[in-house]
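Every number in this text was worked out from the coordinates using simple rules, so none of it is lab data. For clarity, every value in this text was computed on a predicted model and none was experimentally measured. Every residue, glycine as well, gets a Cβ built from its backbone with ideal geometry; the counts of neighbours run over all protein chains shown.
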Amino acid sequence: MQIPHEYGAHEARLPEPVDPNMINAPIPLGTRLDLYRLQQQMRQFEKRAYDLFLQNLVKGTSHLSIGMEAIAAGVGQAMRADDYTFATYRGHAHTLARGVPMGPVLAELLGRSNGLLAGKGGSMHLTSVERGVMGSYAIIGAQLCIACGSAWSAQFRGTDQITVAFMGDGATNIGAFHEALNFAAVFRLPVVFVCENNLYMEYTSIFDVTAVEHPAADRASAYGLDRIVVDGNDADAVYMAASSAISKARQGGGPSLIEATTYRHGGHSRADPGKYRPDGEVAAWLDRDPIPMYHQRLLTLGVSEADLDQVQRDVADEVEAATVFAKGGAPPQADTALTDVWADGGSSWRN
Amino acid sequence: MTTMAMNAAIRSAIDVMMERDDNVVVFGEDIGYFGGVFRCTEGLQAKYGSERVFDAPIAEGGIVGAAVGMGAYGLRPVIEIQFADYVYPGLDQLISEAARLRYRSSAEFTAPLTVRMPCGGGIHGGQTHSQSPESLFTHVCGLITVIPSNPYDAKGLLIASIEDDDPVIFLEPKRLYNGPFDGHHDKPVVPWAGHPLGEVPDGYYRVELGSAAIRRPGDDLTVLAYGTMVYVAEAAAEETGIDAEIIDLRTLLPLDTDTIEASVAKTGRCVIVHEATRTSGFGAELSATVQELCFYHLEAPIERVTGWDTPYPHAQEWDYFPGPARVGAAYRRVIAA
């Protein structure tokens, strides 16, 4: 449908209604409470990151995933602690989903010495090898090929670890996406590719630059993979799809490609008001916010409002503590930038 | 004449060339409807239509490759790589195809494309939004490499680049889009309005490729700089009181060796400044060139002030960035030598 728009007429893409059967999905209530907590963590963390940006404390740009939490939560919850994740530059939630503590992540955004990478990475390059978070990638699609390598490694070593590689919809048009899918399919690698289709490749509608309706799922058949499209604003739907794909990969069944449909509540990056999006579209997706929907579902399932409030308050405390931790970190010394370029720990190419 | 910021001057150059030549087409990521991350193509799609100004998928190899084919068959594509850091997936098309098409077809085929890309740091972009990859291009035979430092030059050089029959890499120091940044990052942005080189003719003019400009005449030493470093070099001259002759190279390849040689022959001393990493950076080529041309005039070793030999750091941006203090210290050493 067309919705009149200040800068022209873009076709608005409105969300599908929530699947009424998803409440009956075979997911234990404890798992659902975990999914709720994860989504709360991601949402409240991102809001705080935005506040700190407005206070000029975040160094450089940052790309928030407010509105997209159900995907990172659903996939993260379906993973095992020793599995691997590759994240996008919109990757704060992907990182938190693996249990990386908020404090060091926030400190990294602030470029402090107590940050996850002591200030060397920043918002777009969060990495925690300890938690299997093998980095977030700001070069579109690069992580997809690398994820094939980590999956290959697990297969070669005979472990049953799987790899998850997140990507945005824009990544489906770069060569690396196609190379990675073919590679993974040929070698039946234990990797799950998760496309977060938020309908916009940076500042441009993905539909304007893609030959097919579903940028990831409609390409799956080219690599012998199933066409999987899930509601990316329903953590249960994502959790079910991810669990199934992960289980298949762990058992030697090869790769999967999941396309999860979602929406960014904000713009592409910190300063972008996102005005290239039709107003009616934004409003419709705000109504399909994954978190209030999930809150309601838990109430329907018998969880008390008081218990859910408690989760929100606990998370708020966690974010507050992380903020104190991050703000308390000193800026890194200049000479720490000169470490770890080479295997000897230094940065000099001369003898 | 109109006062323009550098991004407006770039937009004006494209506009002028689209008006003059129907074969000029413009494409890249987010450059059409949205108008580009740095607004360099704002309004062009509305003016010229989406057949000549269009959004490309995120696919740098595809973007460059398509431009090579367009150029070979009569068009003059002006493409944008959203950040220079994103060009690497397109390097194969640039190096193996665009740069060599003329040579291997005995000049029957050419690739008259212009590849615009914002480069350099100063915006806390970290390692994937801050790089200065110019020496990767100057190392490839067949690519012209241009890097303007102000709105006037940006427009004239871009017009000359679009008209050139060889492929041109057009690097735009992103810290200069809005004003002449001298490395004092804690001071407010100085706009182009009020700067003489922010005055830009509305219509067509060329700044010829391969010609350097002397930004500040001086007798004590020669400074070879380009892009953002021109203003850092000027600030360092002012702050040290050293009478530096500052040369803005404007085009790295072809290089204006006449201007360089004449200046170093006069001053006998040379400092080279660039933001890119040091080892195998363009400063190494410049240093070798000065030595070859001016050896008997040199009274001191040539110094290079550059970014560190590390990936562009996130938190330590202003330590990595060659600011006026580091450049001024080099002036003093070269004068004292």
Length gain on complete extension for the stretch A:E130 to A:N24, per 0.36 nm per residue less the alpha carbon to alpha carbon distance?
34.6 nm
Have a look at the DSSP beta bridges in chain A and tell me what percent are antiparallel, nearest 5.
15 percent
Mind ordering A:279-288, B:297-306, A:225-234 by average Cβ neighbours within 10 Å, highest first?
A:225-234, B:297-306, A:279-288
Burial order of peptide ranges B:167-174, B:323-330, B:79-86 (average beta-carbon count within 10 Å, highest first)
B:167-174, B:79-86, B:323-330
On average, how many beta carbons from a partner chain sit within 10 Å of the beta carbon of a residue in A:59-67?
2
With label points built 7 Å along Cα→Cβ from the Cα atoms of B:E239 and B:A46, find their separation and express it in nm.
4.2 nm
Rotationally averaged projected area of region B:95-146 (alpha carbon convex hull; nm²):
4.1 nm²
What is the log10 of I(q)/I(0) for the protein assembly as shown, computed with the Debye formula using one identical point scatterer on each Cα and no solvent, at q = 0.05, 0.06, 0.09, 0.11 Å⁻¹?
-0.25, -0.37, -0.81, -1.17
With the dipole of region B:2-200 worked out from charges on the C-beta (+1 for Lys and Arg, -1 for Asp and Glu) around the Cα centre, which of B:H195, B:H129, B:L176 lies farthest toward the positive end?
B:H195
Could you tell me what % of all Cα pairs in region A:11-55 have separations over 14 Å?
70 percent
Degrees, to the nearest 10: B:257-267 long Cα axis against longest axis of chain B
20 degrees
Show which lysines lie in cross-link reach of A:K120 when reach means a straight Cα distance below 30 angstrom and same-chain residues fewer than eight apart are skipped.
A:K47, A:K59, A:K327, B:K174, B:K187
Which ³J(HN,Hα) values, rounded to whole Hz and listed in residue order, are derived for region B:87-94 from phi using the Karplus coefficients 6.51, -1.76 and 1.60 in 6.51 cos²θ - 1.76 cosθ + 1.60 with θ = phi - 60°, glycine and proline given as x?
6, 4, x, x, 4, 4, 5, 6
Once fully extended, how much extra length lies between B:A300 and B:V189, figured as 0.36 nm per residue of separation less the alpha-carbon to alpha-carbon distance?
36.4 nm
Options A:S304, A:A337, A:L257, ranked by Cα towards positive dipole end of region A:247-351, top entry (Cβ charges):
A:L257
In peptide B:51-62, what is the residue-averaged number of other protein chain Cβ atoms found within 10 Å of each Cβ?
5
Normalise the Debye intensity by I(0) for chain A, one equal point scatterer per Cα, no solvent, then take log10 at q = 0.08, 0.10 Å⁻¹ and round to two decimals.
-0.38, -0.60
Which log10 I(q)/I(0) values does region A:26-130 give at q = 0.21 Å⁻¹ under the Debye formula, counting every alpha carbon as one identical point scatterer?
-1.07
Can you pull the semi-axes for region A:221-351, root of five times each eigenvalue of the Cα gyration tensor, sorted largest first, whole Å?
36, 28, 21
0 to 90° range, to nearest 10: angle between helix B:282-294 axis and chain B longest Cα axis
60 degrees
Return the calculated 222 nm mean residue ellipticity for the protein assembly as shown, to the nearest 500 deg cm²/dmol, obtained by summing -39500 (n - 2.57) across DSSP H runs with n ≥ 4 and dividing by the residue count.
-11000 deg cm²/dmol
Exercise: per-residue mean of other protein chain Cβ atoms within 10 Å, A:120-128:
4
For region B:213-336, what ratio Rg/Rh do Cα atoms give with a Kirkwood hydrodynamic radius?
0.94
Expected sort for B:K155, A:K275, A:K120 with the fewest Cβ neighbours (10 Å cutoff) up front is A:K275, A:K120, B:K155
Write down the radius of gyration of chain B and its Dmax, each obtained from C-alpha positions, in Å.
19.3, 60
Principal axis dimensions, region B:2-200 - Cα atoms, whole angstrom, descending:
52, 35, 29
Which percentage, to the nearest 5, of the DSSP beta bridges contained in chain B is antiparallel?
20 percent
What FRET efficiency would be calculated for the residue pair B:R39, A:W349, taking the C-beta separation as r and a Förster radius of 35 Å, to the nearest 0.05?
0.35
Relative contact order as a percentage, region B:2-200, C-alpha pairs under 8 Å and 6+ apart, gives 25 percent
Past the 24 angstrom mark, what percentage of all C-alpha to C-alpha distances in region A:149-286 do you count?
33 percent
What is the spin-label model distance, in nm, from B:D21 to A:E305 if the labels are put 7 Å beyond Cα along the C-beta direction?
6.9 nm
